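To keep things clear, I will list the structure first and then write my remarks on it.
The values are calculated or read from the model by the stated rules, or taken from the named source; none is laboratory data. Everything numeric in this text was worked out from a predicted model, so none of it was measured. Positions of Cβ are backbone-derived with ideal geometry, glycine not excepted, and every protein chain shown enters the neighbour counts.
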Amino acid sequence: MFNMSGTSYACREARQQDIARMSEIRLLVTENKLTDPGKITPQMYLEHIAGKGKSWVCELNGQIVGFSSAASEDGSIWALFILPQFEGLGMGKALLSLACDWLFSRTHEEISLYTQVNTRADGFYQALGWSRGAEDDLGDVSFTLQSHIFYDKTRV
């Protein structure tokens, strides 16, 4: 259970029955919008729950309002999305921390992700110690994070 700005929420591992809500959230975000909504399939979500990765959801009053997914094969963050009206409450940071910790526990020394340039996410990852890479021709930018930086920032 987390409490940020007077809002209590809980994160837990995602289950197969969460896929429809995760997909809905992915389509409702205002940044990093999919140009082709059919590109991300329910099977891809399932693989990141019970296959090549792991996923978590964030619940507020029993309603899923965000999720993250990590891919173990390449050590990447596959997804991190929060409904726009719940951004800024610490949910993204909590979900990202779960995904990073899981990937680093699987012997990855460095993990990566991609996001669109000049978005809130672009600044969010930089503020958390991720190293910003080069922008590509599609308007995306890569980020990497090394395990020692993650654990230095999360130590109490």
Segment 65-97, residues that are in a loop (DSSP other than H, G, I, E, B) and within 14 Å of Gly53 (Cα to Cα):
Ser72, Glu73, Asp74, Gly75
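Here is a check on your reading of the model: is His48 assigned to a helix (DSSP H, G or I), at pLDDT below 95 and surrounded by 16 or more Cβ atoms within 10 Å (Cβ to Cβ)?
Details: assigned to a helix (DSSP H, G or I): yes; at pLDDT below 95: yes; surrounded by 16 or more Cβ atoms within 10 Å (Cβ to Cβ): yes.
Yes: the conditions hold for His48.
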Considering segment 98-115 alone, what residues qualify as being farther than 10 Å from Ser68 by Cβ and in a helix (DSSP H, G or I)?
Asp101, Leu103, Phe104, Ser105
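Give the residues of segment 20-45 that are among the acidic types (Asp, Glu) and outside any loop (DSSP other than H, G, I, E, B), sorted by residue number. Working first, answer last.
Here is the first cut: in segment 20-45, the residues among the acidic types (Asp, Glu) are 24, 31, 36.
Listed by number, the list holds a single entry, Glu24.
So, Phe143, is that one surrounded by 15 or more Cβ atoms within 10 Å (Cβ to Cβ), of a type in the set (A, V, I, L, M, F, W, C), assigned to a strand (DSSP E or B) and touching a helix residue (DSSP H, G or I) at 6+ places or on another chain (Cβ under 6 Å) or not? Spell out how you get there, then give the answer.
Working: surrounded by 15 or more Cβ atoms within 10 Å (Cβ to Cβ): yes; of a type in the set (A, V, I, L, M, F, W, C): yes; assigned to a strand (DSSP E or B): yes; touching a helix residue (DSSP H, G or I) at 6+ places or on another chain (Cβ under 6 Å): yes.
Judged against the criteria, Phe143 is a match.
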Qualifying residues in segment 136-145 (those that are touching a strand residue (DSSP E or B) at 6+ places or on another chain (Cβ under 9 Å) and modelled with pLDDT under 95) - the one nearest to Gly90 (Cα to Cα)
Asp140
Suppose we filter Glu24, Glu31 for residues that are touching a Lys or Arg at 6+ places or on another chain (Cβ under 7 Å), of a type in the set (Asp, Glu) and surrounded by fewer than 16 Cβ atoms within 10 Å (Cβ to Cβ); which single one remains?
Glu31
Please find, among Leu103, Leu96, Leu60, the residue that is surrounded by 14 or more Cβ atoms within 10 Å (Cβ to Cβ) and under 17 Å from Arg21 (Cα atoms).
Leu60
